[in-house]
Amino acid sequence: MFATLTKLKTTPKIPLDLFKEIAALKQEMNAIILAHYYQDADLQDVADYLGDSLGLSQMAAKTDADVIVFLGVHFMAETAKILNPHKQVLIPDMQAGCSLADSCPPKEFAAFKAAHPDHLVVSYINCTAEIKAMSDIICTSANSVKIINQIPKDQPIIFAPDRNLGRYVMEQTGRDLLLWQGSCMVHEIFSERKLVELKQIYQNSQVIAHPECETSVLRHADFIGSTTALLKYVQNHESSTFIVVTESGIIHQMQKAAPSKILIPAPPEHDCACNQCPHMRLNTLEKLYLAMKNRTPEITLNESTRLAALRPIQRMLEMS
Ligand code: 13P
Ligand code: SF4
């Protein structure tokens with residue numbers, strides 16, 4: 001009885017034919033649906049390709065579809081448009097932004113850059129096209145260490161906008177980076193105290209964390225990596241239990257890939273759902289269907305900004 005009630009409660013409110021409608025529209029439009037792991041489970045399930053920011057950029061760079069439907073946040077869809085000026089790029093909700101990208105306003109960053117003219121600018125992909133246009137090389141959580149290691153040791157570097165990823169890269173490479181003080185609201189909310197308590201309870205567990213987390217949390221991690229790297233770690237590691245310190249959406253994919261594993265979302269500081277990205281979660285299946293049907297909201301970009309932002313993305317793709 002109880003199980004039936006639970007089942008009823010978890011049954012999606014969305015009519016099932018929405019999946020069929022989306023599949024039909026996709027064929028009609030010759031579209032590809034790209035999705036990030038932080039999307040709701042039903043959006044992950046309709047995607048043609050799921051990945052971390054590097055994988056999504058690489059897929060956007062090589063697709064021959066006419067339309068790219070991006071299930072992620074604005075900077076991700078914008079990156080796809082920068083790479084594909086002649087394709088239509090749609091996002092279900094134009095308001096799906098990113099607190100990390102917002103923590104680096106272009107005017108302030110231009111002044112910061114001007115104050116350090118001898119520095120090369122390496123920017124994390126979680127930034128706006130304007131910031132990318134002011135950068136020399138883009139990186140993601142998957143390739144940041146590899147990219148910094150390819151830059152001559154005597155070259156001073158500005159790293160923006162994420163100070164936590166920047167600190168992690170400094171530790172991994174032994175390089176001194178000048179950090180922009182931006183951060184992600186989701187990855188900064190995890191509680192070190194609660195994580196340590198959880199580790200005591202699940203003594204044989206592996207703590208796996210995203211490098212956007214604070215150093216105080218990362219120091220308890222057995223493995224640190226991009227979302228794709230975390231997923232692969234769960235699939236390949238012999239441990240049966242994992243404490244997952246990143247946005248909880250990825251647990252859907254981990255559960256699908258490794259159904260026998262126990263996956264525990266790391267607790268945030270407060271009793272809230274703060275380990276879900278409120279920006280990512282603005283996208284819904286209904287909005288996806290409407291975006292495809294009406295071909296809006298569409299990402300558009302000023303051509304000079306696009307061209308300036310393209311160069312550092314191409315450098316990243318070459319160096320990855
Ligand atoms: P990756 O999936 O590239 O690791 O990035 C995580 C993230 O915060 C995306 O917004
Ligand atoms: Fe931005 Fe953080 Fe959300 Fe990723 S999880 S989109 S970095 S706010």
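With Ala111, Ala80, Ala23, Ala101 as the choices, which residue is in a helix (DSSP H, G or I), closer than 22 Å to Arg306 by Cα and away from ligand 2 (no atom under 16 Å from the Cβ)?
Answer to the check: Ala111.
Conditions (1) within 19 Å of the chain's Cα centre (by Cα); (2) at pLDDT 95 or above; (3) open to solvent by 50 Å² or more (accessible area, probe 1.4 Å), marked per residue:
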position	(1), (2), (3)
Leu282	yes, yes, yes
Glu286	no, yes, yes
Tyr289	no, yes, no
Met292	no, yes, no
Ile299	yes, yes, no
Ser304	no, yes, yes
Met319	no, yes, no
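When both residues are 6+ apart or on different chains and their Cβ atoms are under 6 Å apart, which pairs have a first residue that lies in the range 56-68 and is among the β-branched types (Val, Ile, Thr), and a second that is at pLDDT 95 or above?
Going by the 6 Å Cβ cut-off, the qualifying pairs are Thr63/Ile32; Val67/Met29; Val67/Ala31; Val67/Gln88; Ile68/Ile32; Ile68/Ala80; Ile68/Lys87; Ile68/Val89.
Quick check, is Ala221 surrounded by 15 or more Cβ atoms within 10 Å (Cβ to Cβ), closer than 26 Å to Gly55 by Cα and either away from ligand 1 (no atom under 16 Å from the Cβ) or touching a residue at least 40 places away in the same chain (Cβ under 8 Å) (or both)?
On the way: surrounded by 15 or more Cβ atoms within 10 Å (Cβ to Cβ): yes; closer than 26 Å to Gly55 by Cα: yes; either away from ligand 1 (no atom under 16 Å from the Cβ) or touching a residue at least 40 places away in the same chain (Cβ under 8 Å) (or both): no.
Spelling it out, it is not the case that Ala221 is surrounded by 15 or more Cβ atoms within 10 Å (Cβ to Cβ), closer than 26 Å to Gly55 by Cα and either away from ligand 1 (no atom under 16 Å from the Cβ) or touching a residue at least 40 places away in the same chain (Cβ under 8 Å) (or both).
Return a yes/no flag: does the range 143-150 have any residue that is within 16 Å of ligand 1 (Cβ to nearest atom), assigned to a helix (DSSP H, G or I) and open to solvent by 10 Å² or more (accessible area, probe 1.4 Å).
Yes: the range 143-150 contains one or more residues that are within 16 Å of ligand 1 (Cβ to nearest atom), assigned to a helix (DSSP H, G or I) and open to solvent by 10 Å² or more (accessible area, probe 1.4 Å).
Specify the residue that is farthest from ligand 1 (Cβ to nearest atom); the eligible residues are those in the range 61-77 that are under 20 Å from Met316 (Cα atoms) and not in a loop (DSSP other than H, G, I, E, B).
Per the criteria, the residue is Lys62.
Scan the range 275-310 for residues that are within 16 Å of ligand 1 (Cβ to nearest atom) and part of a helix (DSSP H, G or I) and report the count. First the steps, then the outcome.
Taking the range 275-310 first, the residues within 16 Å of ligand 1 (Cβ to nearest atom) are 275-283.
Among the residues that remain, those that are also part of a helix (DSSP H, G or I) are: 280-282.
Counting residues in the range 275-310 that are within 16 Å of ligand 1 (Cβ to nearest atom) and part of a helix (DSSP H, G or I) gives 3.
Name the single residue that is modelled with the highest pLDDT among those in the range 9-19 being in a helix (DSSP H, G or I) and over 15 Å from Lys287 (Cα atoms).
Taking the range 9-19 first, the residues in a helix (DSSP H, G or I) are 9-10, 17-19.
Remaining after also requiring over 15 Å from Lys287 (Cα atoms): 9-10.
Numbers: Lys9: 48, Thr10: 54.
Step by step, filter the range 9-19, then rank; the result is Thr10.
Name the single residue, out of those in the range 182-218 being over 22 Å from Ile125 (Cα atoms), β-branched (Val, Ile, Thr) and surrounded by fewer than 22 Cβ atoms within 10 Å (Cβ to Cβ), that is nearest to ligand 2 (Cβ to nearest atom).
Val196
Quick check on the range 266-278. Is at least one of its residues farther than 30 Å from Val145 by Cβ and surrounded by 15 or more Cβ atoms within 10 Å (Cβ to Cβ)? Spell out the reasoning first.
Of all residues in the range 266-278, those farther than 30 Å from Val145 by Cβ come to 270-273.
Filter once more, keeping what is surrounded by 15 or more Cβ atoms within 10 Å (Cβ to Cβ): none.
No, there is no match, as no residue in the range 266-278 is farther than 30 Å from Val145 by Cβ and surrounded by 15 or more Cβ atoms within 10 Å (Cβ to Cβ).
The values are calculated or read from the model by the stated rules, or taken from the named source; none is laboratory data. Predicted model only: the values in this text are computed from it and were never measured. Here the Cβ is made from the backbone with ideal geometry for all residues, glycine too, and neighbour counts use every protein chain on show. When the accessible area is computed, the model is the full protein with side chains, heavy atoms only, and any ligands, DNA or RNA have been set aside. Shrake-Rupley method; radii C 1.70, N 1.55, O 1.52, S 1.80 Å.
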